[in-house]
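Accompanying notes for the structure given below.
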Amino acid sequence: MKEKLIIFDTTLRDGEQCPGASLNTAEKLEIALQLEKLGVDVIEAGFPVSSPGDHEAVSAVAKAIKNATVAGLARSLEKDIDAAYSAVKKAVSPRIHVFLATSKIHLQYKFKKAEPEILKQAVEAVKYARKKVRDVEFSPEDASRTDLPFLAQIVEAVIRAGATTVNIPDTVGYSIPEEFANIIEYLKREVPNINEAVISVHCHNDLGLAVANSLTAIKHGARQVECTINGIGERAGNAALEEIVMAIKTRSDFFEKMVTRIDSRQIIKTSKLVSRLTSLMVQPNKAIVGANAFAHESGIHQDGILKYRQTYEIMDPASIGLNESNLILGKHSGKHAFKNRMKKLGYDLDEERLIKVFQAFKLLADQKKVVYDEDVESLADENLAKGKEPFKLVYLNVSSSTPPGVPMATVRLEHHGKTLQEISTGDGPVDALYRAIERLSGVKFKLVDYKLQALTGGEDATGEVYVKIEVLGKMESSGRASSTDILVASAKALINALNRYFFRLQIKTKSKNVD
């Protein structure tokens, strides 16, 4: 029989405590609504007593969320508990989360109190919170560094006082998985009323073990796990929700009893939203949600992925909301992956032509970290259409003028041995130039993108122009060119794009005739 694992998300509370990640009410509400879509069971919306703004945000989340419990954090003080209740009371399912440090180092240096005083304060706080709501969670802060006999004593006492969830935090990320498992097992063995409350865990990542400790605790009896999107939080962060959920889902053979109500297809969307609103970028090699998590550059790996995805991927990208794996073209890529990309870009090449373009790609890949689709298209067109360009620039003369004068361009092109000339006006010199080239080519196009950048410095700087055009409302083609004269570069870039369009049209026509 399956057991439900409660997913307690603290992105809006502990996650927001990450330096620079402060969220306003509207941003918290937007994330909370997405967390509800994701399917989390508990949303810890904030620490209401900490500021009027946080109280307002928790209250707004509490009123908006219908399908999850909304929790507010409180120290074991009546004023904190009052503030938490005031903020969450309108929730469909409100919770007050009370905490109090229990380790000797905190008792000695932070509180300067003895264990009996801490025990009494914890019990009184839980009783006070329980008078306000039925769902009360208690956390003995720094539990992983607390003497086990005292930890068991305080857990038993707060459950007896009315706590419905007892959370065991590894507050400073100090614990090791085997050690953390022993803490959970000790409490299950030594606390007589432990089955009257849910055992929760909240692990920090100071030693990079937050997820490992959380999963180990789940395996040994924890039935709630506290985590954040992208693993954000204090210092090195918290256990990452996406990693815990996907570990349980992917290794259902190991976590055979566990089930969550998370819709994993919402993971990427939620990750991107949190990253955008907190301005905390996700590292590329981050598990599950990093840009490289489903990316492959090695030729051996790419070949395996194309033959059978599971050779190098243990998860389906679609299961977290991605369309497909990303085969990165770089110097480690093999011919199989390159051929696959060429087909996706519309080039169905025979072996001889494929090898020719692949060799050019390898030379380029030694110079660039990543080779993009536009680079591949350019390589293919340059190598396959060399000497077959339908248009070549012979001459241009462009004049610009302030109003009421009108910019004018005279362009001369060579087309299959014949010289063609056109004069055109436009809104500016480049516009006049492009209108003339459009008439000469006979191709009606829409300019989708135009970029100019300096490749060198000084008065005689070389400028590179990149253009992308759309023809017939469906086929796109791009071109690049460089010159010390930006108008010459602009003309050559457009001509390059048109030549590539004609060549790709020819390739497609041949492919259809072969079919």
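The values are calculated or read from the model by the stated rules, or taken from the named source; none is laboratory data. Computed from a prediction, not measured in an experiment: that's the story for all the values here. Virtual Cβ from ideal backbone geometry, glycine too; neighbours counted across all protein chains shown.
Things to note:
- Test: residue in segment 208-227 that is surrounded by fewer than 23 Cβ atoms within 10 Å (Cβ to Cβ), within 19 Å of VAL166 (Cβ to Cβ), charged (D, E, K, R) and touching a residue at least 60 places away in the same chain (Cβ under 8 Å): yes
- All told, LEU440 meets the bar of being touching an Asp or Glu at 6+ places or on another chain (Cβ under 7 Å), in contact (Cβ under 8 Å) with a residue 40 or more places away in the chain and assigned by TED's automatic domain parsing to the domain that holds LYS468.
- Residue match in segment 368-381 (condition: outside any strand (DSSP E or B), at pLDDT 80 or above, of a type outside the set (A, V, I, L, M) and out of contact with any Cys (no Cβ under 7 Å at 6 or more places or on another chain)): no
- Selection within segment 254-291 - of a type in the set (S, T, N, Q) and free of Cβ contacts under 8 Å to residues at least 60 places away in the same chain: SER264, SER271, SER275, GLN283, ASN285
- Against the numbered list (1) in contact with a helix residue (DSSP H, G or I) (Cβ under 9 Å, 6 or more places away or on another chain); (2) over 23 Å from ALA222 (Cα atoms), SER175 comes up short only at (2).
- Qualifying residue in segment 348-367 (condition: modelled with pLDDT under 70, exposed (fewer than 15 other Cβ atoms within 10 Å of the Cβ) and within 30 Å of ARG265 (Cα to Cα)): no
- Considering only residues in segment 296-343 that are in a helix (DSSP H, G or I), buried (at least 18 other Cβ atoms within 10 Å of the Cβ) and of a type in the set (A, V, I, L, M, F, W, C), the one that is modelled with the lowest pLDDT turns out to be ILE305.
- Any hit, segment 141-159, residues being closer than 27 Å to ASN67 by Cα and in the same structural domain as LEU73 (by TED's automatic domain parsing): yes
- Any hit, segment 6-19, residues being farther than 21 Å from ALA125 by Cα, at pLDDT below 95 and among the polar types (S, T, N, Q): yes
- Any hit, segment 244-258, residues being touching a His at 6+ places or on another chain (Cβ under 8 Å), assigned by TED's automatic domain parsing to the domain that holds PRO19 and surrounded by fewer than 23 Cβ atoms within 10 Å (Cβ to Cβ): no
- Those residues of segment 125-169 which are assigned to a helix (DSSP H, G or I), in contact with a Phe, Trp or Tyr (Cβ under 9 Å, 6 or more places away or on another chain), farther than 12 Å from VAL191 by Cβ and not charged (D, E, K, R), in sequence order: ALA125, VAL126, ALA129, SER144, ALA161
- Pair list, Cβ under 9 Å, 6 or more apart: segment 156-173 residue on the phi > 0 side of the Ramachandran plot, other residue in a strand (DSSP E or B): GLY162/VAL136; GLY173/CYS203; GLY173/HIS204
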